[in-house]
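Written below as structure tokens is the structure these notes are about.
Here, each number is a calculation from the coordinates, and none is a lab measurement. All values reported here derive from a predicted model rather than from experimental measurement. When we count neighbours, we look across all protein chains shown, and the Cβ atoms used for this are built from the backbone with ideal geometry, even at glycine.
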Amino acid sequence: MSQPTVYSPSPEFVRNANVQGMEGYLELYRRAEQNPEEFWGEVAGQEIHWFEKWSHVLEWQPPFARWFVGAKINASYNCLDRHIATHRKNKVAILWEGEPGEQRFITYQELHRLVSRFASVLKNRGYQTGDRAIIYMPMIPELPIAMLACARLGIIHSVVFGGFSSEALKARVQDLGASVVITADGGYRRGKEVKLKPAVDEAMAECPSVRDVIVYRRTGSEITMQAGRDLWWHELDATASEDCPAVPLDSEHPLFVLYTSGTTGKPKGILHTTGGYLTQTTASMKWIFDLKDEDTYWCSADIGWVTGHTYIVYGPLSAGATTVIYEGSPDYPQFDRWWRIVEKYRVNTLYTSPTAIRALLRQGEQWPKMHDLSSLRLLGSVGEPINPAAWEWYHRVIGKARCPIVDTWWQTETGSTMIAPMPGAVPQKPGSGTLPLPGVVPDIVDLNGKEVGPEREGFLIIRRPWPGMIRTIWGDPERFKEQYWSRVPGAYFTGDAARRDHDGYYWVLGRVDDVMNVSGHRLSTMEVESALVRHPAVAEAAVVGKPHEITGQAVCCFVTLKQGDFNRDQLGKDLRQWVAHEIGTFARPEEIRFTEALPKTRSGKIMRRLLREIVTTNTVSGDVTTLEDLSVVTRLASQHDED
């Protein structure tokens, strides 16, 4: 195996970094390793405002953790109120650009005013601590305003990605038992309006828990407003008070529930609480992004995913940063839109996904070369392992070979980054997340939970609890224990495969369960299969991820049909559209393959591993001894050859 190139930060970057050199990183890591509770207590005291301090840092009854026990805190206060008493009062908190080109520069003082007003709206409607809100909005400032207003009152929020269908929205409203939905008429994507309110209307037909639907007018298009349920944001805001103090909440009060794909087909609600999440999020923001007070920081993710929660809203605002939010796509009206934004606002840090990097790489170097990107001093990658070729292009073309790249590994469940280089301390290797952050104790083990040696592949686990960790799955603590804590007793099972090299660097290889990663979005095979078999023509379906140059993985479906005379070309198109409607357009299958049978074990379990081999290599080399009928696999492989 050829040795990867190692990229060390420049002496100038190290000199000005928040954490300087490997000795700085190792000292922090050792302190956290030797006395984790003392370490996290110090971090929490330095980074976060507490109304009341904790009696003890950690209460750990595996797998359930309580951090900063007995303390009182409010996330909205930490993101707003504490800054407006400082020099940051008139600093831009949110720098927003709409896809059509509008701009808004919202200072911390103004954001505090807007959040307080919307919190008053919710309070006036009778919502209070412990209630649940669903937020289904485009990438506009009112999305974080709604989140922070909920947090201000202790209303548990769940943001639903605006690309999800009404069916996906309905499932989340029902599972959470939400009493209010906050939405908009629509947003803009690639020059077209993406309508949101009609999807809400469709979902609400089966969501009796919802009392109010609050609608922000973004596009101005005509929508249906149901009397007694639907309310215009601007009308409620017109009479709202700007005096709405943040409610002191227990450190373990739920901040948000974020739904992610699970292997059962039913999305699972990942529950994060306030004190531990905000502590680790704020600290990691400064460690990973080497944040400076004058920085203009841009994470290109959608707030509907955990990256947007942690590194667009809560992390940057708690740390007092200027966070850029862009509504639209990177290729509209042409492929230099992102580079225009970097140049226009003199962006210093860009944090994006390998999927986006590969898509922009494919268009050629002429687009970024049209713009002055000299303001960039740090680049980041998130969502899936980045292949070395994309890393090198990002470094050379976008960073001009002078910007460190922080390749971050973490999950919805971990709350914030777990493995990543501190850019002024840890040399980078393209494709590696490098080393764990302070307080994070990962390991790589075999099926029996035994540690494997260097350069051996195994299962990535986390040995110790950490403040930002998932607390439970909403309404299903048994599933939480079974899914994350049963495989290796006492350790968190990530579901990712990884290896560790001779320098101790971690190389994450991807999922080991049946969850695909499509454009950085986690999507379970079962979720797509469940949607397919709801179609009247489909008898059975098996879904696997297929390697894809742009999206990382594409959805490939093997479908057996019910009896009937079907036009398979047309049905293939119909099924792709059907999945898009049932789940969301990002889940639209790349490929539908019709087959008379699926490869199964004698106990009836579909062997997706073999299907993955077929879509990847057109051959099957793995163990097939448990197959009920070997000829099924042979036919599937030869069928592709004929295609």
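Side notes on the structure shown:
- Rounded to whole numbers, the Karplus 3J(HN,Hα) couplings from phi for segment 93-105 are 8, 10, 10, 10, 10, x, 4, x, x, 5, 10, 9, 10 Hz, using 6.51 cos²θ - 1.76 cosθ + 1.60 with θ = phi - 60°, and x at Gly and Pro.
- With contacts taken as Cα pairs under 8 Å at a separation of at least 6 residues, segment 191-305 carries a relative contact order of 15 percent.
- Mean separation of Cα contacts under 8 Å, 6 or more apart, over the residue count of segment 402-442: relative contact order %: 37 percent
- When the charge dipole of the chain is built from unit charges on Cβ atoms (+1 for Lys and Arg, -1 for Asp and Glu) and taken about the Cα centre, the candidate among Leu122, Val173, Val615 whose Cα reaches farthest toward its positive end is Leu122.
- Beta bridges per DSSP, both residues in segment 515-642: antiparallel share near 80 percent.
- Debye, to nearest 20: dipole size of segment 515-642, +1 on Lys, Arg Cβ, -1 on Asp, Glu Cβ: 300 debye
- Considering only alpha-carbon pairs that sit under 8 angstrom and 6 or more positions apart, the relative contact order computed for the chain is 13 percent.
- Unit charges at the beta carbon, dipole of the chain: most positive-side option, Ile341, Gln483, Val533: Ile341
- Which label in [x] 162; [y] 180; [z] 208 gives the computed volume of the Cα convex hull per residue in Å³: [x]
- 21 Å Cα-Cα threshold exceeded, pairs from Lys481/Lys546; Lys344/Lys400; Lys89/Lys292; Lys429/Lys450; Lys268/Lys546; Lys344/Lys369: Lys481/Lys546; Lys429/Lys450; Lys268/Lys546
- Rg [Å, one decimal], Dmax [Å, integer] - segment 257-340, C-alpha atoms: 15.2, 46
- Cross-link reach list, aspartates and glutamates versus Lys170, counting only Cα pairs under 16 Å and skipping chain neighbours closer than eight places: Asp201, Glu202, Glu206, Asp212, Glu527, Glu582
- Values of log10 I(q)/I(0), in the order q = 0.20 Å⁻¹, for segment 515-642 under a Debye, Cα-only, solvent-free model: -1.21
- Highest-first arrangement of 192-198, 407-413, 274-280, where packing means the average Cβ count within 10 Å: 274-280, 407-413, 192-198
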